[in-house]
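S.K.: There's a structure below that I have some questions on.
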Amino acid sequence: MPDIIRLLPDSVANQIAAGEVVQRPASAVKELLENAIDAKADLIRLIIKDAGKTLIQVIDNGTGMSETDARMSFERHATSKIRSADDLFSITTKGFRGEALASIAAIAQVEMKTRMPAQELGTLLRVEGGEVKTQEVCSSQPGTSIAVKNLFFNVPARRNFLKSEAVEFRHIVDEFERVAIAHPEVGFQLHHNDVEVFNLHKATLRQRIVSLFGNPYNTRLAPLEESTNILVLGGFIGKPEFAKRTRGEQFFFLNKRFIKNSYLHHAVQSAYSELLPKDSFPSYFIFLEVDPHTIDVNIHPTKTEVKFEDERSIYALLRSSVKKSLGQNNISPSLDFDQEMGIEIPNRPKGDFAIQPEIRVDKTFNPFKSEKQTTDIPKQDYLKNMDWDKNYSRHAYNQLELLRQEEESKGLESSDEQQTLNTTWDPESENGPGQKPYQLHNRYILAHTKSGFVIIDQQGAHERVLYERFLETIKEKKNLSQKKLFPESVELSQGDMVCIQALMPDLNALGFEIDLFGTNTIAIHAVPVEMMDLDSSGILQSLIEEYKNHQSEFRLDQSDSIARTMARKAAIKSGKPLSEAEMNMLVDQLFACSMPYATPDGKPSVITFGLDELNRRFKK
Ligand code: ADP
Ligand code: MG
């Protein structure tokens with residue numbers, strides 16, 4: 001048999017390797033911005049077209065490259081930043097792996113113009129799919145301009161995998177923000193489709209943060225300062241009264257490199273613990289400086305994950321410094337921030353349980369031809385207007401009926417089968433005298449079934465009801481919205497504005513009416529009826545937070561994710577006393593759901609008990 005192992009051609013190897021470094025346009029943006037920083041530029045312009053799918057261009061006024069270096073820079077593992085393995089542990093530059101340009105050039109059409117300030121002429125280089133097409137002398141500004149066109153042009157699968165423009169641009173803004181905060185001493189501009197998004201002048205860190213996230217930040221920041229022999233800490237933390245329900249602005253920079261680290265995040269979050277209600281997040285912009293020998297930045301191709309030699313001490317120091325800063329800035333834990341921020345628990349007027357009776361018509365409904373089923377069910381007062389045969393407990397009831405018929409015809413006595421029957425909701429049984437639902441500890445509803453009882457988790461059940469309703473509303477666009485007396489305006493960061501835009505079509509379908517004002521304000525004119533008494537801006541912020549934190553999952557099915565988040569926020573909460581009518585309503589609505597037995601998050605919403613079980617336990 002002939003030998004079959006071949007060395008891959010460079011072009012293929014580069015394409016494969018590129019997959020690690022360049023996942024999406026934002027990855028290329030990050031690498032190019034970092035190269036410009038490493039080249040000591042103090043003005044960096046980023047020009048984007050079509051969220052980076054058509055063009056990503058970075059123009060800097062840094063050191064530029066010689067003709068040979070310009071050519072070399074596109075070789076894999078070609079770098080000017082380290083020389084030996086030892087250097088890996090004294091890295092002070094952003095790059096060092098020497099693979100970014102090679103990777104980008106392998107999957108795009110790249111045009112580089114570069115000139116060293118001391119030279120009169122520069123170099124123009126065109127590389128396409130990893131192959132140098134032309135190299136010539138040209139006149140150019142000092143510094144380097146790299147234009148990356150048609151990213152993934154030769155990897156259609158990757159190109160198709162890209163998300164919507166809004167999502168991809170959001171990723172680009174994220175990367176831009178990270179570099180811009182890490183380097184306030186550098187001016188940055190960002191243009192998208194010829195519109196200026198940011199023009200950031202050289203500034204202090206505080207000014208930089210304010211120009212990225214808006215004026216209100218000026219009063220929201222408390223400085224963080226600490227210097228020990230293993231760690232120097234600087235930057236700002238957000239005052240707790242401005243904590244958000246969206247995770248929002250949380251940044252760690254290690255030796256001026258943006259990093260992600262959930263362990264350190266925990267240190268900060270826990271320092272705030274007594275000051276913040278659950279589910280709210282402080283902003284922070286924290287700079288950590290450590291001896292490069294005590295960290296390893298080379299554990300991941302994108303270099304955002306870093307290993308510390310002594311993570312525990314850093315955790316402890318960070319936590320105590322944040323606490324100290326909170327203390328020094330007279331932020332006392334005794335303040336009632338819950339009150340002040342109106343966080344969480346939506347305020348409904350007492351006794352107002354805004355569920356409207358509704359008619360849900362299931363067009364695929366097959367009534368199994370049982371006359372009895374539709375005629376025998378007495379209508380209750382509070383449900384007078386409901387059309388029972390179309391509406392009532394369609395799945396559960398039908399299943400019950402089907403099983404019943406099956407059982408009769410087969411004469412089944414199997415206890416398994418019996419169990420299934422017993423656990424099925426039986427609407428008939430609830431109407432007898434003394435068979436009212438009962439609320440346990442303001443959390444659970446106890447209700448009769450024909451052959452036992454069910455315990456329903458009121459919050460989970462309502463989440464299920466709302467989730468299915470919202471989902472249907474979005475899909476069918478038959479929303480019922482409620483105009484607000486006064487539009488509510490909400491200030492958002494630039495980044496959050498991008499998120500809202502991505503969410504907008506589904507929000508409109510759901511019944512929101514939202515206007516964008518300028519670059520960082522939205523006005524809410526109307527909300528879905530189910531939410532009229534809730535804190536709509538809070539709910540939108542939670543939604544943005546979900547969107548940001550779980551972007552990939554969220555995008556998989558955006559309508560589903562929105563319905564889920566909204567349902568979670570708008571559902572009645574555990575602890576709310578419910579009237580009998582409210583309980584009946586909820587129970588009915590739950591069993592009219594297509595999947596009544598679980599919350600949208602997959603937890604049980606109903607637990608069923610058969611009389612059999614009770615009899616057995618009482619040894620009857
Ligand atoms: P790395 O940054 O890891 O060294 P890159 O592939 O990003 O690898 O870049 C390769 C080399 O090209 C760099 O080491 C640097 O010498 C040079 N280079 C890249 N971009 C620029 C730039 N904007 N200005 C000057 N030199 C650059
Ligand atoms: Mg680089």
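The values are calculated or read from the model by the stated rules, or taken from the named source; none is laboratory data. These numbers come from a predicted model, not from an experiment. All Cβ positions, glycine included, derive from the backbone under ideal geometry; neighbour counts span all protein chains shown. We work out accessible area using only protein heavy atoms, side chains counted, and drop any ligands, DNA or RNA first. Shrake-Rupley method; radii C 1.70, N 1.55, O 1.52, S 1.80 Å.
S.K.: Apply the Kirkwood formula to segment 10-202: the hydrodynamic radius equals the inverse of the mean of 1/r over all pairs of different alpha-carbon atoms; give it in Å with one decimal.
M.R.: 16.7
S.K.: Rounded if a/c is under 1.5, else prolate if a/b beats b/c, else oblate: with a ≥ b ≥ c from the C-alpha gyration tensor eigenvalues square-rooted, which is segment 1-116?
M.R.: It comes out oblate by the Cα gyration axes.
S.K.: Does anything in segment 449-470 have its amide N under 19 Å from the 7 Å Cα→Cβ label point of Phe618, and if so which residues?
M.R.: It comes to 449-455, nothing else.
S.K.: Measure off 7 Å from each Cα along the Cα-to-Cβ vector at Lys260 and Glu226, then give the distance between these two points in nanometres to one decimal.
M.R.: Reported label-point gap for Lys260 and Glu226 is 2.4 nm.
S.K.: Whole percent per 10 Å bin, from 0 to the bin with the longest distance: what is P(r) over all C-alpha pairs of segment 212-328?
M.R.: 13, 48, 31, 8
S.K.: Provide the packing ranking of 221-232, 37-48, i.e. peptides ordered by the mean count of other C-beta atoms within 10 Å per residue, highest first.
M.R.: Ranked from most to least packed, the peptides come out as 37-48, 221-232.
S.K.: Residues in segment 282-316, backbone N under 19 Å from the label point at Ile16 (7 Å along the Cα-to-beta-carbon vector): list them, ranges by number please.
M.R.: Flagged as within label range: 301-302.
S.K.: Here's a follow-up. So what does Phe236 come to for accessible area, using a 1.4 Å probe and Å² rounded to 10?
M.R.: Counting only protein heavy atoms, Phe236 exposes about 30 Å² to solvent.
S.K.: With labels modelled as points extended 7 Å from the Cα through the Cβ direction, what inter-label distance (nm, one decimal) is found for Asp515 paired with Glu120?
M.R.: Reported label-point gap for Asp515 and Glu120 is 6.0 nm.
S.K.: Are there any chymotrypsin sites (Phe, Trp or Tyr not before Pro) in segment 528-620 that are in a DSSP loop and have at most 13 other Cβ atoms within 10 Å? List them by number.
M.R.: Phe618
S.K.: Whole-Hz Karplus ³J(HN,Hα) for segment 59-65, in order, using 6.51 cos²θ - 1.76 cosθ + 1.60 and θ = phi - 60°, x for Gly and Pro?
M.R.: 10, 10, 10, x, 5, x, 9
S.K.: If I take R0 = 60 Å and measure r between the Cβ atoms of Thr134 and Ile455 in this structure, what FRET efficiency does the formula 1/(1 + (r/R0)^6) give, to the nearest 0.05?
M.R.: That pair, Thr134 with Ile455, gives E of 0.20.
S.K.: Follow-up question, since we're still on this one. Calculated FRET efficiency, Lys478 and Lys603, Cβ-Cβ r, R0 30 Å, to nearest 0.05?
M.R.: With R0 = 30 Å, the Cβ-Cβ based efficiency is 0.55.
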